[in-house]
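J.: I have a structure here, written as structure tokens, and I will follow up with some questions on it.
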Amino acid sequence: MTPAAGTGAAPITAATVAANLAAIRTRIATAGADPDGVTVVAVTKGFPAAAVEAARAVGLDDVGENYAQELLAKADAVGSDVRWHFLGPVQRNKIAGLAAHVSCWHTIDRASVGRALAARRPGARVFVQVNSTGEATKHGCRPEETGDLVDELRGQDLDVAGLMTIGPEGEPEAARPAFRLLADLGRRLGLRELSMGMTGDVEVAVQEGATVVRIGRGLFGPRHRKAPLAAIGSLNGGN
């Protein structure tokens, strides 16, 4: 696999990403899901703009970033033909800069953030992030608060597409209860889209109903370190 682009690292190529994407889709199919029914979001956090370009070259137009500074720098470097997914905690003071670029926000977990987003981007497509593991270190609303938050966000004229969660660290099977909880919540709330599962737990996620998976190292190789901003452009006022 191609390592992250740091000093001395091999470049990320479309051929490598294509091979890795085929492997991810095979894993999805082997787990019993239709690969055409699962959106792969290419997570380029910590990789240079070349990763975005390689993803686009193999038909991956859905690209995810966790940090506002990286997303904005890469958006400036690669142009507009990308559906950007914001995957990190949403800071209200970053919304204004991100709003023109982000197609889908995966981490809306409280009404105040929804209000700030709706003021800048009415009708924005969002996922409600749920803390389905109960871990204090994870963001997300509590499962029992999810219905009220979904209603409130809809009342703010946001397009609530579905729910999102992050599984626990450890063996893939350990994520099953969290993913199952999210799927049960989605069914009760009439939300079909479920953003859950990453490189290590793709199979469990799709078995429990994931419609969106967020894949970084499975496409681009291991992250050796965060890519320097010099490699992706620069932006004043970063995180």
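The values are calculated or read from the model by the stated rules, or taken from the named source; none is laboratory data. Every value quoted in this text rests on a predicted model; they were computed, and no experiment measured them. Virtual Cβ from ideal backbone geometry, glycine too; neighbours counted across all protein chains shown. For the accessible areas, the whole protein counts, side chains as well, though only heavy atoms, and no ligand, DNA or RNA atoms are used. Shrake-Rupley method; radii C 1.70, N 1.55, O 1.52, S 1.80 Å.
J.: Looking at the range 20-40, I want the residues that are within 15 Å of Asp62 (Cβ to Cβ) and have a partner that is open to solvent by 20 Å² or more (accessible area, probe 1.4 Å) and small (Gly, Ala, Ser) with Cβ atoms under 6 Å, at least 6 apart or on another chain. Which pairs are those?
T.: Hits for this filter: Pro35/Ala29.
J.: Another one. Looking at the structure I just gave you, is Ala9 surrounded by 18 or more Cβ atoms within 10 Å (Cβ to Cβ) and modelled with pLDDT under 95? Please lay out each step first, then the result.
T.: Numbers: surrounded by 18 or more Cβ atoms within 10 Å (Cβ to Cβ): no; modelled with pLDDT under 95: yes.
Criteria not met by Ala9.
J.: May I ask you to verify whether Glu145 is closer than 18 Å to Arg214 by Cα and either among the hydroxyl-bearing types (Ser, Thr, Tyr) or not in a loop (DSSP other than H, G, I, E, B) (or both)?
T.: no
J.: Checking the condition at pLDDT 95 or above, within 22 Å of Glu208 (Cα to Cα) and surrounded by fewer than 18 Cβ atoms within 10 Å (Cβ to Cβ), which residue from Pro177, Pro122 passes?
T.: Values: Pro122 fails: within 22 Å of Glu208 (Cα to Cα).
Just one listed residue meets the conditions, Pro177.
J.: Could you list, in sequence order, the residues of the range 16-41 that are within 16 Å of Leu194 (Cα to Cα) and not in a helix (DSSP H, G or I)?
T.: Within the range 16-41, Ala33, Asp34, Val38, Thr39, Val40, Val41 qualify.
J.: Could you identify the single residue in Val43, Val90, Val102 that is more than 19 Å from Gly216 (Cα to Cα), under 16 Å from the mean Cα position of the chain (by Cα) and of a type outside the set (Phe, Trp, Tyr)?
T.: Details: Val43 fails: more than 19 Å from Gly216 (Cα to Cα); Val102 fails: more than 19 Å from Gly216 (Cα to Cα).
Being more than 19 Å from Gly216 (Cα to Cα), under 16 Å from the mean Cα position of the chain (by Cα) and of a type outside the set (Phe, Trp, Tyr) holds for just one of Val43, Val90, Val102, which is Val90.
J.: If we keep just the residues of the range 50-83 that are assigned to a helix (DSSP H, G or I) and in contact with a Lys or Arg (Cβ under 7 Å, 6 or more places away or on another chain), which is surrounded by the fewest Cβ atoms within 10 Å (Cβ to Cβ)? Write out each step before concluding.
T.: Step one: filter the range 50-83 for residues assigned to a helix (DSSP H, G or I), giving 50-57, 68-78.
Then keep just the ones that are in contact with a Lys or Arg (Cβ under 7 Å, 6 or more places away or on another chain); that gives 52, 68, 70.
Numbers: Val52: 26, Ala68: 23, Glu70: 25.
The residue in question is Ala68.
J.: I'm trying to understand the selection: among the residues of the range 140-161, which are modelled with pLDDT of 95 or more and open to solvent by 30 Å² or more (accessible area, probe 1.4 Å)? Write out each step before concluding.
T.: If we filter the range 140-161 for residues that are modelled with pLDDT of 95 or more, which is where we start, we get 140-156, 158-161.
Those that are modelled with pLDDT of 95 or more and open to solvent by 30 Å² or more (accessible area, probe 1.4 Å): Arg142, Pro143, Glu144, Glu145, Asp148, Asp151, Glu152, Arg154, Gly155, Gln156, Asp159.
J.: Still on this model: Go through (1) within 21 Å of Ser103 (Cβ to Cβ); (2) open to solvent by less than 10 Å² (accessible area, probe 1.4 Å); (3) touching a residue at least 40 places away in the same chain (Cβ under 8 Å); (4) not charged (D, E, K, R) and name the single condition Thr165 misses.
T.: (3)
J.: Among the listed residues Ala174, Ala161, identify the single one that is within 19 Å of the chain's Cα centre (by Cα), under 22 Å from Met198 (Cβ atoms) and not in a loop (DSSP other than H, G, I, E, B).
T.: Working: Ala174 fails: within 19 Å of the chain's Cα centre (by Cα).
After applying the criteria, what remains is Ala161.
J.: Turning to a different aspect of this structure: Within the range 195-202, does at least one residue satisfy the condition of being outside any helix (DSSP H, G or I), at pLDDT 95 or above, within 23 Å of Val90 (Cα to Cα) and open to solvent by 50 Å² or more (accessible area, probe 1.4 Å)? Outline the logic, then answer.
T.: Applying the first criterion (outside any helix (DSSP H, G or I)) to the range 195-202 yields 195-198.
If we keep only those that are at pLDDT 95 or above as well, we get 195-198.
This time we only want the ones that are within 23 Å of Val90 (Cα to Cα), so: 195-198.
Those still in the list that are open to solvent by 50 Å² or more (accessible area, probe 1.4 Å) too: 198.
Yes, the conditions are met somewhere in the range 195-202.
J.: Scanning for something surrounded by 21 or more Cβ atoms within 10 Å (Cβ to Cβ), touching a Lys or Arg at 6+ places or on another chain (Cβ under 7 Å), without any contact (Cβ under 8 Å) to a residue 40 or more places away in the chain and not hydroxyl-bearing (Ser, Thr, Tyr), does the range 84-96 turn up at least one residue? Give the derivation first.
T.: Just the residues of the range 84-96 that are surrounded by 21 or more Cβ atoms within 10 Å (Cβ to Cβ), to begin with: 84-87, 90, 94-95.
In the following step, the residues that additionally are touching a Lys or Arg at 6+ places or on another chain (Cβ under 7 Å) were identified as 87, 95.
Then drop every residue that is not without any contact (Cβ under 8 Å) to a residue 40 or more places away in the chain, which leaves 95.
Okay, now just the ones that are also not hydroxyl-bearing (Ser, Thr, Tyr), so 95.
There is at least one residue in the range 84-96 that is surrounded by 21 or more Cβ atoms within 10 Å (Cβ to Cβ), touching a Lys or Arg at 6+ places or on another chain (Cβ under 7 Å), without any contact (Cβ under 8 Å) to a residue 40 or more places away in the chain and not hydroxyl-bearing (Ser, Thr, Tyr).
J.: For the range 28-55, how many residues are of a type in the set (S, T, N, Q) and farther than 18 Å from His85 by Cβ? So that I can check it myself, show each step before the final result.
T.: Keep residues of the range 28-55 that are of a type in the set (S, T, N, Q), which gives 30, 39, 44.
From what is left, the residues that are farther than 18 Å from His85 by Cβ are 30.
So the answer is 1.
J.: Residues in the range 68-96 that are touching a Gly at 6+ places or on another chain (Cβ under 8 Å), farther than 20 Å from His139 by Cβ and of a type in the set (Gly, Ala, Ser): how many?
T.: Within the range 68-96, residues that are touching a Gly at 6+ places or on another chain (Cβ under 8 Å), farther than 20 Å from His139 by Cβ and of a type in the set (Gly, Ala, Ser) number 2.
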